[in-house]
Amino acid sequence: MADTPVLQLYNTLTRSKAPFAPIDPDNVRMYVCGPTVYDFAHIGNARPVIVFDVLYRLLRHLYGADHVTYARNITDVDDKINARALRDFGAEISDGRLSLNEAIGRVTEKTANQFHADVAALGCLPPTHEPRATDFVRPRRDGKADMITLIERLISRGHAYVAEGEVLFDTASMEDYGQLSKRNLEEQQAGARIAVDAHKKNPGDFVLWKLSSPEEPGWESPWGRGRPGWHIECSAMSAAYLGETFDIHGGGLDLIFPHHENEIAQSRCAHGTKVMANVWMHNGFVQVEGRKMSKSEGNFVTIHELLHEERFGGRAWPGEVLRLAMLMTHYREPIDFSVKRLEEAERLLAKWPAGGDAEKGRIDETVLAPLLDDLNTVAAVQALHALSGRAAPDDFAASAALLGIAPKKASLSGALEAEIAAAVRTRLDLLKARNFAEADKIRDDLLAKGIQLKDGKDPATGERVTTWEAKR
RNA sequence: GGCCUCGUGGCGGAGUGGUUACGCAGAGGACUGCAAAUCCUUGCACCCGAGUUCGAUUCUCGGCGAGGCCUCCA
């Protein structure tokens with residue numbers, strides 16, 4: 001009897017790895033900050049989605065598929081969205097053909113759909129819950145947590161105050177503010193470039209609610225018609241689906257401060273709890289050609305472009321390749337997204353057996369073990385590669401599925417397959433006749449169409465056996 | 001100015017106080033009519049300096065270098 005496998009996870013809160021112990025093994029709860037839907041998701045946005053998808057799959061394997069709850073929000077209220085709506089639908093709005101809210105709806109709907117298509121192509125399972133911020137602004141009929149109620153509670157508990165039409169979180173009211181990012185507010189202020197707002201008690205205080213002008217989107221609230229600050233949505237939605245305290249909270253490195261720090265402050269102060277989530281996990285950045293990806297650098301690559309256009313390396317890339325390339329670096333390390341790296345991932349994938357049934361197979365220990373060590377996908381990929389030569393196809397598929405990889409045979413039309421089979425037979429006949437020139441012409445023609453022939457020997461008879469593989 | 005990461009062969013990337021993975025690419029070979037595929041073999045590294053130690057790539061300190069956060073950001 002093997003030992004019960006123990007999952008070790010690196011916790012940003014303690015800056016160390018520790019064994020993972022769920023609050024309730026029957027319901028392991030994880031929250032990951034999702035996209036703000038104003039534009040195509042870029043390859044950097046894909047990293048947390050893929051990384052935490054692997055963790056989700058691993059948790060489902062360890063605790064059972066029905067015992068893991070994964071919530072990932074969609075942020076559909078944000079000033080960037082408003083700006084995008086005005087940019088894209090400005091004419092319609094000024095004509096009166098479209099209200100701003102309708103235009104915002106179009107932007108968020110289109111972007112959210114695109115996001116779903118992108119991450120599905122990357123082999124990510126949908127989360128258990130995918131709440132939208134706009135559904136959690138005002139108190140809900142179902143009694144789930146909402147932003148306005150949270151803000152009211154923060155005010156009544158003395159953790160927030162109203163000033164100049166804004167509701168602000170009072171960072172000084174929380175004794176241990178700054179634990180996640182290891183920031184000490186007093187020290188921080190010396191050289192920081194925090195804009196000094198006169199209405200803030202402390203420079204680190206942040207907005208929970210701000211008033212909207214008539215043309216800005218807004219919701220009625222005790223403080224007037226307005227909209228929520230950036231952080232409060234995650235406090236509300238995580239509480240709504242995972243409770244006041246839950247197991248794992250994930251996101252990108254850059255969210256540690258201020259976003260996650262402030263989420264913690266809001267949630268803990270509103271609920272009077274010692275912790276918001278036990279384990280905080282953060283993935284590293286994606287760089288492109290060795291530099292931070294940013295619009296000003298001009299190296300901004302969207303998932304959509306990689307999948308469907310020929311912008312990166314002059315060709316489109318299958319989602320599986322992008323996913324594997326992403327998992328070939330440990331999630332906490334920076335990753336340099338390059339053509340070379342994608343090519344290597346594609347080569348690996350091409351060598352792996354396709355068509356196994358993951359449902360029927362068993363996950364191999366050598367693939368599972370490294371994942372238990374803080375999601376060491378690099379070692380898991382290597383173990384999978386070692387496995388590819390010796391495992392039964394179903395077992396290989398089951399092990400690959402843990403990483404969300406399902407090697408597929410290139411699907412060709414039946415007619416094309418028949419055509420290839422006929423060409424192969426003709427070639428074999430020509431070879432028997434030692435007509436190499438004609439035989440090679442068939443091979444070259446097929447290769448030009450992307451069909452690579454591979455000759456082998458039947459081990460028993462020594463006869464030539466030809467198989468083929470579709471390149472790309 | 002404050003805080004946080006990180007520096008391993010051509011590339012990717014584990015790991016360890018002593019014997020230095022692995023993958024890709026490269027080289028050589030086997031096989032083949034020739035290729036491809038496959039198999040075998042193989043070269044190549046632990047940023048610099050000091051310290052601790054019998055011994056450091058691994059521990060400590062310092063330096064150099066890279067990146068990130070402190071303002072919207074995965």
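The values are calculated or read from the model by the stated rules, or taken from the named source; none is laboratory data. Fair warning: this is a prediction, and the values are worked out from it, not measured in the lab. Reconstructed Cβ throughout: ideal geometry from the backbone, glycine too, with neighbour counts over all protein chains shown. To get the accessible areas, we keep the full protein, side chains included, count just its heavy atoms, and leave off ligands, DNA and RNA. Shrake-Rupley method; radii C 1.70, N 1.55, O 1.52, S 1.80 Å.
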Out of region A:11-34, which residues are in contact with a strand residue (DSSP E or B) (Cβ under 8 Å, 6 or more places away or on another chain), within 16 Å of RNA strand B (Cβ to nearest atom) and not in a strand (DSSP E or B)?
A:T12, A:L13, A:C33, A:G34
Of the residues in region A:419-472, those that are among the hydroxyl-bearing types (S, T, Y) and under 23 Å from A:A354 (Cα atoms) number 2
Could you go through region A:40-47 and let me know if any residue there is among the aromatic types (F, W, Y), outside any strand (DSSP E or B), within 15 Å of RNA strand B (Cβ to nearest atom) and surrounded by fewer than 22 Cβ atoms within 10 Å (Cβ to Cβ).
yes
If I filter region A:80-92 down to residues being open to solvent by less than 40 Å² (accessible area, probe 1.4 Å) and of a type in the set (A, V, I, L, M), which single residue comes out as nearest to A:D53 (Cα to Cα)?
A:I81
Looking at (1) more than 9 Å from RNA strand B (Cβ to nearest atom); (2) crowded, with 19+ Cβ neighbours inside 10 Å; (3) over 19 Å from the mean Cα position of the chain (by Cα); (4) over 23 Å from A:A18 (Cβ atoms), which is the one condition that is false for A:R323?
(3)
Which one of these is away from RNA strand B (no atom under 16 Å from the Cβ) and closer than 28 Å to A:I232 by Cα: A:G96, A:G105?
A:G105
Within region A:214-225, of all residues that are in a loop (DSSP other than H, G, I, E, B) and open to solvent by 40 Å² or more (accessible area, probe 1.4 Å), the one nearest to RNA strand B (Cβ to nearest atom) is A:E216
Search result, residues across region A:21-39 that are farther than 29 Å from A:A103 by Cα, open to solvent by 20 Å² or more (accessible area, probe 1.4 Å) and not β-branched (V, I, T):
A:A21, A:P22, A:D24, A:P25, A:D26, A:N27, A:R29
Return the only residue of A:E333, A:E310, A:E359 being open to solvent by 50 Å² or more (accessible area, probe 1.4 Å), within 30 Å of A:S16 (Cβ to Cβ) and in a loop (DSSP other than H, G, I, E, B).
A:E333
Residue in region A:71-79 that is open to solvent by 20 Å² or more (accessible area, probe 1.4 Å) and near RNA strand B (Cβ under 10 Å from one of its atoms) present:
yes
Here the residues within region A:93-114 that are assigned to a helix (DSSP H, G or I), under 23 Å from A:P228 (Cα atoms) and open to solvent by less than 60 Å² (accessible area, probe 1.4 Å) are A:L100, A:A103, A:I104, A:G105, A:V107, A:T108, A:T111, A:A112
Of all helices (runs of 4 or more DSSP H) fully inside region A:391-471, the set with 1 or more residues that are within 14 Å of RNA strand B (Cβ to nearest atom) and farther than 30 Å from A:H330 by Cα is A:414-432, A:436-448
Taking only region A:226-254 into account, find how many residues are part of a helix (DSSP H, G or I), open to solvent by 20 Å² or more (accessible area, probe 1.4 Å) and either within 14 Å of A:W280 (Cα to Cα) or without any contact (Cβ under 8 Å) to a residue 24 or more places away in the chain (or both).
2
Check A:K292, A:K274, A:K340 and return the single one that is open to solvent by 40 Å² or more (accessible area, probe 1.4 Å) and within 19 Å of the chain's Cα centre (by Cα).
A:K292
From the set of residues in region A:256-268 that are surrounded by fewer than 24 Cβ atoms within 10 Å (Cβ to Cβ) and of a type in the set (A, V, I, L, M, F, W, C), which is farthest from RNA strand B (Cβ to nearest atom)?
A:I256
In region A:422-436, is there at least one residue being more than 25 Å from A:V49 (Cβ to Cβ), touching a Gly at 6+ places or on another chain (Cβ under 6 Å) and open to solvent by 60 Å² or more (accessible area, probe 1.4 Å)?
no
